[in-house]
Amino acid sequence: MSKLKVSELFYSIQGEGRYMGVPSVFLRTFGCNFTCDGFGMPAGEKSQEREVVAHNAEQYKTYKSLPLVSTGCDSYASWDVRFKHLSPLIPTDSLADSIVDLLPHHVWEDEHLVITGGEPLLGWQRAYPDLLSHPKMDTLKELTFETNGTQELTQEFYNFLGEWTFARGLYENLTFSVSPKLSSSGERWEDAIKPDIISQYSMIGHTYLKFVVSNMLHVHEAEEAVYEYRKKGFDGHVYLMPVGGVERVYNLNNRQVAEYAMKKGWRYSDRLQVPLFKNEWGT
């Protein structure tokens, strides 16, 4: 039986992208290949907020007790190893039970499953077939992986997803919500922009790009990235989304980002979890 190291499991509405507003169960796995310490910081600088919290990581017993940060990665505890004690390793059959227990009627109806992180397409790919094949997942109709777009699907998992979606007639309802990291994240272009990998996702499910931006320099960089993805055959939608894991930062740039999206003919993605729930853990 497979196991997954789970950072968070909660029921909310999807706040971003294609399924914005849809009731969803979020399964947040532990681990990421990026740190994204540049978000919300002046160019070339790194956020120190996570370090301040992590210095006393052992004092926190639950995700709900963790403070929010206004700069850097807003889901920092889902990958920083100093917080791994908050993320249990759960067998997939127990996890399937817990997921369905969160649903309003304890059975899948119109709800959506979002597997996020961290980076959910790291080594956990080996465990997803057991989870998705569980009898309690039989009526699941919509599945999204929220990924940074740097992790190739293993051949085994690629084959499984092909068979899983074909059997259910769900090709258009398997989604890869790809948030490539621009230089504003603090990550390097050559590590973050992987057009061949996005092409692989597009062959197996509905794939779109979602860039976090706050100014025109970020938008121009997003254009460069989109150009590289298009050269490799990507033909999906492009979204722009404002920086801001806390409301005071989000409110500074959300309208401006919407106007950038309009000028480019791209889509705008809100972050509904910020104004509605203040981006608290578990929302």
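The values are calculated or read from the model by the stated rules, or taken from the named source; none is laboratory data. Just so it is clear, the model here is predicted, and its values are computed rather than measured. Note that each Cβ is placed from the backbone with ideal geometry, even for glycine, and that neighbours are counted across all protein chains shown.
A few points about this structure:
- Within the stretch 130-224, helices (runs of 4 or more DSSP H) holding 2 or more residues that are of a type in the set (Phe, Trp, Tyr) and modelled with pLDDT of 95 or more: 155-168
- If only residues of the stretch 247-282 that are under 15 Å from residue 16 (Cα atoms) and β-branched (Val, Ile, Thr) are counted, the one that is farthest from the chain's Cα centre (by Cα) is 257.
- Of all residue pairs spaced 6 or more apart or on separate chains, those with beta-carbon atoms under 6 Å, a first member in the stretch 188-208 that is closer than 13 Å to residue 230 by Cα and a second member that is of a type outside the set (D, E, K, R) and in a helix (DSSP H, G or I) are 193/225; 195/229; 198/229; 207/201.
- Scope the stretch 218-251; condition free of Cβ contacts under 8 Å to residues at least 40 places away in the same chain, in contact with a Ser or Thr (Cβ under 8 Å, 6 or more places away or on another chain) and among the aliphatic types (A, V, I, L, M); matching residues: 240
- Every residue from the stretch 223-233 that is among the aromatic types (Phe, Trp, Tyr) and in contact with a Pro (Cβ under 7 Å, 6 or more places away or on another chain): 229
- Selection over the stretch 50-64 of residues that are surrounded by 10 or more Cβ atoms within 10 Å (Cβ to Cβ), in a helix (DSSP H, G or I) and out of contact with any helix residue (DSSP H, G or I) (no Cβ under 8 Å at 6 or more places or on another chain) gives a count of 3.
- Qualifying positions in the stretch 30-49 - over 18 Å from residue 119 (Cα atoms) and either charged (D, E, K, R) or buried (at least 16 other Cβ atoms within 10 Å of the Cβ) (or both): 40, 41, 45, 46, 47, 49
- Yes/no for residue 91 being surrounded by fewer than 19 Cβ atoms within 10 Å (Cβ to Cβ) and either within 22 Å of residue 160 (Cβ to Cβ) or under 19 Å from the mean Cα position of the chain (by Cα) (or both): yes
- Residue 107 vs. criteria in contact (Cβ under 8 Å) with a residue 60 or more places away in the chain, in contact with a Ser or Thr (Cβ under 8 Å, 6 or more places away or on another chain) and hydrophobic (A, V, I, L, M, F, W, C): no
- Just one of the listed residues (171, 208, 201) is within 28 Å of residue 139 (Cα to Cα) and touching a His at 6+ places or on another chain (Cβ under 7 Å), and it is 208.
- Here is the figure for the stretch 66-87: residues that are exposed (fewer than 15 other Cβ atoms within 10 Å of the Cβ) and modelled with pLDDT of 95 or more total 2.
- For the stretch 250-270, a residue qualifies if it is of a type in the set (A, V, I, L, M) and surrounded by fewer than 19 Cβ atoms within 10 Å (Cβ to Cβ), and the qualifying residues are 252, 258, 262.
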